[in-house]
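So the structure is just underneath, and the comments pick up after that.
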Amino acid sequence: MPYVMVHIPKPPSAASPVPRSVPTSADVARLAGVSRATVSYVLNNTSAVRISEPTRRRVHEAAKELGYVPHAAARSLRAGHSRMVLMPAPAIAMGPLYGQFINELQWALSRLDYTVVQYGTVGLRGDEAARAWAELRPVAVLVPDAELGPEGVAVLKRAGARGVVTFGPERVEGAHALLMDHDAVGHCAGRHLYARGRRRIGVVVPAETGLETYSRPRLEGVRQALRGTDARVTGVPLAYTEQSAAELAARWPELGIDAVFAYNDEYAMLLMRALQDAGVRIPEDTAVLGADDLMLGRLLRPRLSTIHIDLPSGRELAELVDRVVRDPGAEPETHRVLGASVVQRESS
């Protein structure tokens, strides 16, 4: 069978689009009819120079029309430091209260022209993690749980961090500190349950790794509150699963507990449901107390008693960060935070 070769002409290639040049501050200045310095003052929110509102509007409109955004690296080079505030991502699941605090903090820092970056360092802890954070050259670092040591603080400062702020139970040398007094949360819970006539008090200790930073001082706070009284305090391990709660509820009669401080509202709701399923009456047989004052606790029946926790406001922490950046040589500040008060409802 004869074969015929057919030549198929190659279609002409489409013309490559001409790349658009990246707009510069000079382009914005020409379009707005102002100097490059004015563009810089307006877009960097410089408060030291007075610029009329119409001029500010023209600059912003020109920048928007051209698609111009300031170059963060160039701005950092001029200022001598970045505007990045680094927060290590929590290694454990944090509740709604913490999430609300972080959102408020990010908003407050953005109003001061900082950018908050949450950075995960899986498997790295303490001073080793600090070296990974330092590679990003943040202007400030906010460290929850304060596993950082003095050497880690020094590493961050040598890398250009103007301030390190820890929030945890203890202060770290060289860092500003927000001391979280979780003992006070436990103390508040213990006094409330004792005042309600309860004498055999259990305290939930979450089985999840990482939460011991908060659960240990809360348990100790209950013990301190009831030391010298006729009350008995028992630590009660509980994983945050329905199976774990059901197994604990099945053993409840042998524990002889007539009240439980359940670490927080989420563990309290989990345990309360399991106890009710096992036939334990709330609060007649066992009083239940949570912490964090979440909305869901008010929707339960009986409504959940809780400890309302006052975290520092995001605005106050943002102002501390700004002070530290402006005056990096100042003596480290220490602030005691985390106020606690009982919100009594039907479950206790």
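Some points to look at:
- Estimated dipole of the chain in Debye, rounded to 20 [Cβ of Lys and Arg +1, of Asp and Glu -1, Cα centre]: 1240 debye
- Gained length - E170 relative to N103, 0.36 nm times residue gap less alpha-carbon distance: 21.7 nm
- The charge dipole of the range 183-261, taken about the Cα centre with unit charges on the Cβ atoms of Lys, Arg (+1) and Asp, Glu (-1), comes to about 440 debye, rounded to the nearest 20.
- Surface composition of the chain: carbon plus sulfur atoms hold 53% of the accessible area, using a 1.4 angstrom probe and ignoring ligands, DNA and RNA.
- Segment E333-L255, extension gain: residue separation times 0.36 nm, minus the distance between their alpha carbons: 23.6 nm
- Rolling a 1.4 Å probe across the protein heavy atoms gives the chain an accessible surface of 55 Å² per residue.
- Potential lengthening of the chain between R301 and R57 amounts to 82.4 nm, from the contour at 0.36 nm per residue minus the alpha-carbon distance.
- In this simple spin-label model, placing a label point 7 Å from the Cα along the Cα-to-Cβ direction at both N44 and L124 gives a separation of 3.0 nm.
- If R0 equals 56 Å, the separation of the Cβ atoms of E247 and E65 corresponds to a calculated FRET efficiency of about 0.30.
- Report summary: the helix-based calculation at 222 nm, which adds -39500 (n - 2.57) for every DSSP H run with n ≥ 4 and divides by the residues of the chain, gives -12500 deg cm²/dmol.
- With the simple model of a label 7 Å out from the Cα in the direction of the Cβ, L136 to T229 spans 4.4 nm.
- Highest-fluctuation residue, S82, S215, S110 considered, GNM on the chain with Cα pairs under 10 Å: S110
- Looking at the chain alone, DSSP beta bridges between its own residues are antiparallel in about 15 percent of cases.
- Ordering of 304-311, 112-119 by burial proxy (mean other Cβ atoms within 10 Å per residue, highest first): 304-311, 112-119
- Euclidean distance between Cα centres, the range 128-172 to the range 210-268, Å: 33 Å
The values are calculated or read from the model by the stated rules, or taken from the named source; none is laboratory data. Every value quoted in this text rests on a predicted model; they were computed, and no experiment measured them. In this analysis, Cβ positions are derived from the backbone assuming ideal geometry, glycine residues included, and neighbour counts consider all displayed protein chains. Calculation scope for accessible area: heavy atoms of the full protein, side chains included, ligands and nucleic acids excluded. Shrake-Rupley method; radii C 1.70, N 1.55, O 1.52, S 1.80 Å.
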